[in-house]
Amino acid sequence: MSRVYRSVADLKGFSIKNCPSMPDPAGVMMCPPDFYDVKEVHNPFMVGHVGAINKTIARRQWDEVKAAFEEAGKPISLIDPVPGLEDMVFCANQTFIGLNPRMERLCLLGQMRHSSRRREVPAFEAWFREQGYRIVRLKDPAACFEGAGDAVWHPKKRLIWGGCGFRSEPQVFEEVARVFETPVVLLKLVNERFYHLDTCFCPLTPEAVLIYPSAFDGESLELILKIFPVVLTAGENEAIRSMACNSAIVDSSVAIAQRGAVGVAAHMQAMGLKLVEVDTSEFIKSGGSVYCLKMFLY
Ligand code: ARG
């Protein structure tokens, strides 16, 4: 029941229709960008941007993203930013949040690949404990797992998509499946530009997903094509410059996306989504856009 699917052969007998339903997120957590900066290069987006963040513009852009979630009907909860933790604003990575089949709210702590980001996790642990989530830790303290950056709920279904290759390690998804009592479909990332699953994989509805195909190996693409009846693709320019696959989709009805990715915008609208465009250019300099500026709360 809570197994990890790694190839199409593993999917024998699996049907998305048989996956139990999962509620839509109840709210959104964000972290104000008070101490946001690019201090060292952790991914290809950050190259050339050390010390080059315009803090005033970043703040204005973050406010716009927050307003878009509020407008989409999701209450926002804020975690206090911590001085010296320049990536804390990307609050999709330190934990993976969800419900088990008994509707218990769980917070699985991430184990970040880079030491500068490991210091972010205790603040999130304290915040989620305070909010009443059950805190769960991976058994192996040395294994890397970057939370909702590499673990994505299938819309409205008890199914989790996992990504490994650059930040999270494949073996942790056995534990993700066990903790959430939910099957995981594990995808392999092969292009270092697309270092987190959320940079190249964006479910739009229970039936349709947006991907950047060359971020994945062949086996992973087969898994995606097997499970989603509709697979839409982002072009290279939009996937990189606009981080178009890092859009946030609210309840399969609203897409909050970086402004100007016209091809992807057309796909979203064709799937019946309301498109809300925002500017996240100061955050793309660090390798993140709308999706990773928030954590969905359950
Ligand atoms: N600079 C951050 C890092 O490299 C960006 C994280 C963006 N988050 C995401 N889920 N893609 O870790």
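Go through segment 1-39 and count every residue that is out of contact with any helix residue (DSSP H, G or I) (no Cβ under 7 Å at 6 or more places or on another chain), outside any loop (DSSP other than H, G, I, E, B) and crowded, with 18+ Cβ neighbours inside 10 Å.
The total comes to 1.
Does segment 87-120 hold any residues that are more than 10 Å from the ligand (Cβ to nearest atom) and more than 16 Å from the chain's Cα centre (by Cα), and which are they?
99, 100, 101, 102, 103, 104, 105, 106, 115, 118, 119 - these are the residues of segment 87-120 that are more than 10 Å from the ligand (Cβ to nearest atom) and more than 16 Å from the chain's Cα centre (by Cα).
Residue 55 - would you say it is farther than 21 Å from residue 251 by Cβ and free of Cβ contacts under 8 Å to residues at least 24 places away in the same chain? Talk me through it step by step, then tell me what you get.
Numbers: farther than 21 Å from residue 251 by Cβ: yes; free of Cβ contacts under 8 Å to residues at least 24 places away in the same chain: yes.
Yes, satisfied.
Within the bounds of segment 93-111, is there any residue that is modelled with pLDDT of 95 or more, crowded, with 18+ Cβ neighbours inside 10 Å, more than 19 Å from residue 289 (Cα to Cα) and polar (S, T, N, Q)?
Yes: segment 93-111 contains one or more residues that are modelled with pLDDT of 95 or more, crowded, with 18+ Cβ neighbours inside 10 Å, more than 19 Å from residue 289 (Cα to Cα) and polar (S, T, N, Q).
Quickly run through segment 177-189 and pick out the residues that are in contact with a strand residue (DSSP E or B) (Cβ under 7 Å, 6 or more places away or on another chain) and away from the ligand (no atom under 16 Å from the Cβ).
We begin by selecting, within segment 177-189, every residue in contact with a strand residue (DSSP E or B) (Cβ under 7 Å, 6 or more places away or on another chain); these are 177, 179-180, 182-189.
Listed by number, the residues that qualify are 177, 179, 180, 182, 183, 184, 185, 186, 188.
The values are calculated or read from the model by the stated rules, or taken from the named source; none is laboratory data. All values reported here derive from a predicted model rather than from experimental measurement. Please note: Cβ atoms are built from the backbone with ideal geometry, for glycine as well, and neighbour counts cover all protein chains shown.
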